[in-house]
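Engineer: Got a structure here, written out as structure tokens. Questions coming.
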Amino acid sequence: MNAFSYKNKELHAEQIPVRVLVETHGTPLYIYSHTHLVDQYRALSEAMAAINPFIFYAVKANTNMAVIQAFAQQGAGADVVSGGELYRARRAGVDASKIVFAGVGKSVAEIEYALQEDILYFTVESEPELERISASAQRLGKIGRIAIRVNPDVDPKTHKYTSTGKKENKFGVDLERAVKAYEHAASLPGLEITGVHMHLGSPLMTTAPYVEALEKVRPLCDTLKTRYPSFKHIDIGGGLGINYRSNQNAPTPTEFAEAVVPPLKKLGLTVGIEPGRFLTGNGGILVTRIEYVKQNAFKKFIVADAAMNDLIRPSLYEAYHEVLPVQQSPEMVFGDLVGPICESGDFFAVDRELPDVCQGDLVAIMSAGAYGFVMASNYNSRPHAAEVMVNGTQSECVRKRQTREDLVKGETLPEWM
Ligand SMILES: Cc1ncc(COP(=O)(O)O)c(C=O)c1O
């Protein structure tokens, strides 16, 4: 199903006109399609059925609790990267036994929180982290289950900021050092070696990097299987791409499964995957109202009421997002779609054919369901947008728009000033 489509020339979120949602909730507004989330999850799980993987939803892609719950209700676990994400996942109903915890900088407090919750395992990114988990586990009388994240030095052919599995990246332990790291883990009290982890980057638009990385980690898996009876699991991370443009060809779940299932089967381990973007990216849009259309000497600027603080991907990664008018019209104009923030980097589209909209019109910035709201800030003291989830003809505000009072919450003026 296409979650967002035109009916009678009006953009709809499932069965509801986007205009109607805006009338109730205002702009900027994130809208998510529950049906899309569930469909994506099921498509991936069915494609991979031959190896029945654990699907850990990478919560970082979209941490709204309603989104996390949508996947939890399908049986998903969660991949978290902070104590805050762990808290959200638990609050949204994810069983601790289905939660894995990655990230290069886990604090003692975060590790101890995860141990108390008794999560499935830590994705360990360094030897010092092994020592920290061991010490915390001993202090609490717990066992820290671990999978070491190895860095297979494979080029995922994506933006340099979102490439994570190359040797110059901060993530994981070099493949060459992995055996030593496992030996170190085995020598520490309070740890149980359960598996190995890798994550190459995001978004991956072909399956080749996964296949190359699996080939590279295979000898390591063979060694670990013979050495450690508790070693039973491989987690291949997330990264599965989506189409941001109509001419893109991200691997379908079937193509992904065809590429990775055979090498995974050969490993004889249980398998985990951590999709984020694939599950949520095309399940969300950011709707914004046009405040001004201005013509400068060189070009036209369409000024929206959403900004880089709402969706930073274009500014941060020069990411492409399709822009559609909420009221369908064939007229196009060349220019930039920008926000009101005082930065030249505050843009959604630069030098593009855009809908020829006027002041007051609504446009939808597509494919905003992953790494959208989660990266929002209050820069320029702009309140966070509201988030709405739609399912067929039903909708619900799943996060209220921030108020001006919210902006100053927690701040104090010193009495001595
Ligand atoms: C360890 C890990 N797993 C999974 C993901 C999710 O990636 P994606 O949203 O591209 O599937 C990330 C993204 O940064 C990650 O770092």
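Engineer: Hey, among ALA114, ALA102, ALA137, which residue is small (Gly, Ala, Ser), open to solvent by less than 40 Å² (accessible area, probe 1.4 Å) and touching a Gly at 6+ places or on another chain (Cβ under 6 Å)?
Structural biologist: On the way: ALA114 fails: touching a Gly at 6+ places or on another chain (Cβ under 6 Å); ALA102 fails: touching a Gly at 6+ places or on another chain (Cβ under 6 Å).
From the options ALA114, ALA102, ALA137, the qualifying one is ALA137.
Engineer: For segment 167-174, indicate whether the set of residues that are assigned by TED's automatic domain parsing to the domain that holds ALA250, modelled with pLDDT of 95 or more, polar (S, T, N, Q) and not in a helix (DSSP H, G or I) is non-empty.
Structural biologist: There is no residue in segment 167-174 that is assigned by TED's automatic domain parsing to the domain that holds ALA250, modelled with pLDDT of 95 or more, polar (S, T, N, Q) and not in a helix (DSSP H, G or I).
Engineer: Got a number for residues in segment 96-140 being at positive phi and touching a residue at least 24 places away in the same chain (Cβ under 8 Å)?
Structural biologist: Within segment 96-140, the subset at positive phi is 103, 118.
Cutting the leftovers down to touching a residue at least 24 places away in the same chain (Cβ under 8 Å) gives us 118.
Summing the residues that are at positive phi and touching a residue at least 24 places away in the same chain (Cβ under 8 Å) in segment 96-140 gives 1.
Residue-by-condition table, conditions (1) part of a strand (DSSP E or B); (2) open to solvent by 10 Å² or more (accessible area, probe 1.4 Å); (3) outside the structural domain of ALA319 (by TED's automatic domain parsing):
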{"position": "GLY345", "(1), (2), (3)": "no, yes, no"}
{"position": "PHE348", "(1), (2), (3)": "yes, no, no"}
{"position": "LEU354", "(1), (2), (3)": "yes, no, no"}
{"position": "GLN359", "(1), (2), (3)": "no, yes, no"}
{"position": "VAL363", "(1), (2), (3)": "yes, no, no"}
{"position": "TYR371", "(1), (2), (3)": "no, yes, no"}
{"position": "ASN380", "(1), (2), (3)": "no, yes, no"}
{"position": "HIS384", "(1), (2), (3)": "no, yes, no"}
{"position": "SER395", "(1), (2), (3)": "yes, yes, no"}
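Engineer: Another one. Taking the conditions exactly as written (open to solvent by 30 Å² or more (accessible area, probe 1.4 Å) and among the hydroxyl-bearing types (Ser, Thr, Tyr)), does THR35 satisfy them or not?
Structural biologist: Spelling it out, THR35 is indeed open to solvent by 30 Å² or more (accessible area, probe 1.4 Å) and among the hydroxyl-bearing types (Ser, Thr, Tyr).
Engineer: Tell me the helices (runs of 4 or more DSSP H) entirely within segment 197-300 that contain at least 2 residues that are surrounded by 15 or more Cβ atoms within 10 Å (Cβ to Cβ) and more than 12 Å from the ligand (Cβ to nearest atom). Lay out the reasoning, then the answer.
Structural biologist: Working: elements: 208-227, 253-267, 277-280.
Here the list reads 208-227, 253-267.
Engineer: Output the residues belonging to segment 301-332 that are under 18 Å from ASP356 (Cα atoms), open to solvent by less than 60 Å² (accessible area, probe 1.4 Å) and out of contact with any strand residue (DSSP E or B) (no Cβ under 6 Å at 6 or more places or on another chain). Let's see the steps before the verdict.
Structural biologist: The first filter runs over segment 301-332 and keeps only residues under 18 Å from ASP356 (Cα atoms), leaving 301-306, 321-332.
Filter again for open to solvent by less than 60 Å² (accessible area, probe 1.4 Å), leaving 301-306, 321, 323-326, 329.
SER329 - this is the single residue of segment 301-332 that is under 18 Å from ASP356 (Cα atoms), open to solvent by less than 60 Å² (accessible area, probe 1.4 Å) and out of contact with any strand residue (DSSP E or B) (no Cβ under 6 Å at 6 or more places or on another chain).
Engineer: Take segment 63-98 and flag every residue that is open to solvent by less than 10 Å² (accessible area, probe 1.4 Å), touching an Asp or Glu at 6+ places or on another chain (Cβ under 9 Å) and part of a loop (DSSP other than H, G, I, E, B).
Structural biologist: Result: ASN64, single match.
The values are calculated or read from the model by the stated rules, or taken from the named source; none is laboratory data. A quick note: this is a predicted structure, and the numbers were derived from the prediction, not measured. Cβ: placed from backbone, ideal geometry, glycine included. Neighbour counts: every protein chain shown. Each accessible area value is taken on the protein alone, full model and side chains, heavy atoms only, with ligands, DNA and RNA left out. Shrake-Rupley method; radii C 1.70, N 1.55, O 1.52, S 1.80 Å.
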